[in-house]
1. When only residues in the range 188-203 that are in a loop (DSSP other than H, G, I, E, B) and either in contact with a helix residue (DSSP H, G or I) (Cβ under 7 Å, 6 or more places away or on another chain) or among the hydroxyl-bearing types (Ser, Thr, Tyr) (or both) count, which is surrounded by the most Cβ atoms within 10 Å (Cβ to Cβ)?
2. Residues being surrounded by 15 or more Cβ atoms within 10 Å (Cβ to Cβ) and not aliphatic (A, V, I, L, M): count how many of those fall in the range 41-58.
3. Pull out all pairs, ordered by first then second residue, where Cβ-Cβ is under 7 Å, the residues are six or more apart or on different chains, the first lies in the range 124-145 and is modelled with pLDDT under 95, and the second is part of a helix (DSSP H, G or I).
4. Among the residues in the range 183-202, are any aliphatic (A, V, I, L, M), closer than 30 Å to residue 10 by Cβ and modelled with pLDDT of 95 or more?
5. For the range 81-91: of the residues being open to solvent by 10 Å² or more (accessible area, probe 1.4 Å) and in contact with a strand residue (DSSP E or B) (Cβ under 8 Å, 6 or more places away or on another chain), which is nearest to residue 5 (Cα to Cα)?
6. Scan the range 204-218 residue by residue and report those that are in contact with a helix residue (DSSP H, G or I) (Cβ under 6 Å, 6 or more places away or on another chain) and either among the hydrophobic types (A, V, I, L, M, F, W, C) or open to solvent by 40 Å² or more (accessible area, probe 1.4 Å) (or both).
7. Given the residues 34, 78, 14, 38, which is the only one that is at pLDDT 95 or above, open to solvent by 30 Å² or more (accessible area, probe 1.4 Å), in a loop (DSSP other than H, G, I, E, B) and touching an Asp or Glu at 6+ places or on another chain (Cβ under 9 Å)?
8. Give the residues of the range 92-151 that are among the charged types (D, E, K, R), open to solvent by 30 Å² or more (accessible area, probe 1.4 Å) and not in a helix (DSSP H, G or I), sorted by residue number.
Amino acid sequence: RNLFPFTAPISVLKKDRSFGVGDRLGIASIGHIKVFEKYDAYPVLAQQSIRELTLTNRTYEDVLDSASFAVFREGFKKGFGADGDHLKKPEDVKYALDLGFTMITLDCSEYIGTGIEDLSKEEVLARYKKDAELEEYYIGKKFDIGEGVTLTFSDDEFYRIMLIYKEAVEFATKIYNEFLADGKYDADFEISIDETMTPTTPLQHFFVANELIKRGVKIATM
């Protein structure tokens, strides 16, 4: 990667089109490359979670080296990404970034409240910790998100969303500020809030995205 810079990963989420492929065994990138040579899109060739590394007895060093050597072998100079996928711990984020991974997918599932949708209004109020500033900002207010769509938070919806997602937002903000805010690492930041037992509503998506933006967290995708 030092001698042949095209074998080092780049940030691909700033491109018009990117596509994650994730070579689980370390032998498929050559086939992936042959596809991406034909189309105007950029591959994320190295894309693994810590869970997958454990299951396949691999390391991030191996994942990145396998992708880099495939790129070298094929002379693929368009560029490719490397994603530390579904990471849950700060030390795992640092591990991937220090190796040169150009994308971090932060899995916030352990900080997402569960079973909240099944609670009664009384149970929700008993668990909710008052936040006057956010209540003033959201409850009863209308948010125009374009294309004729307006979102409005009722008090009950707001309380439930806070119980489900407030800690996840705080966790994502903490990780961003610790590793990415100062620009030391040139990496795209993806937030994952999808591995839950219930669907994520448009209102919940808006709350998470809006709170991250308000806190200065720059995300490439969610």
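The values are calculated or read from the model by the stated rules, or taken from the named source; none is laboratory data. Since the structure is predicted, the reported quantities are computational estimates derived from the model, not experimental observations. Cβ coordinates were reconstructed from backbone atoms using ideal geometry, including for glycine residues, and neighbour counts include every protein chain displayed. Accessible surface areas use protein heavy atoms only, side chains included; no ligands, DNA or RNA. Shrake-Rupley method; radii C 1.70, N 1.55, O 1.52, S 1.80 Å.
1. This residue is 193.
2. Final tally of qualifying residues: 7.
3. These pairs meet every condition: 145/206.
4. Yes, the range 183-202 contains a residue that is aliphatic (A, V, I, L, M), closer than 30 Å to residue 10 by Cβ and modelled with pLDDT of 95 or more.
5. Among them, the one singled out is 85.
6. 207, 208, 215, 217, listed by residue number.
7. From the options 34, 78, 14, 38, the qualifying one is 78.
8. Of everything in the range 92-151, those that are among the charged types (D, E, K, R), open to solvent by 30 Å² or more (accessible area, probe 1.4 Å) and not in a helix (DSSP H, G or I) turn out to be 129, 130, 131, 141, 142, 144, 147.
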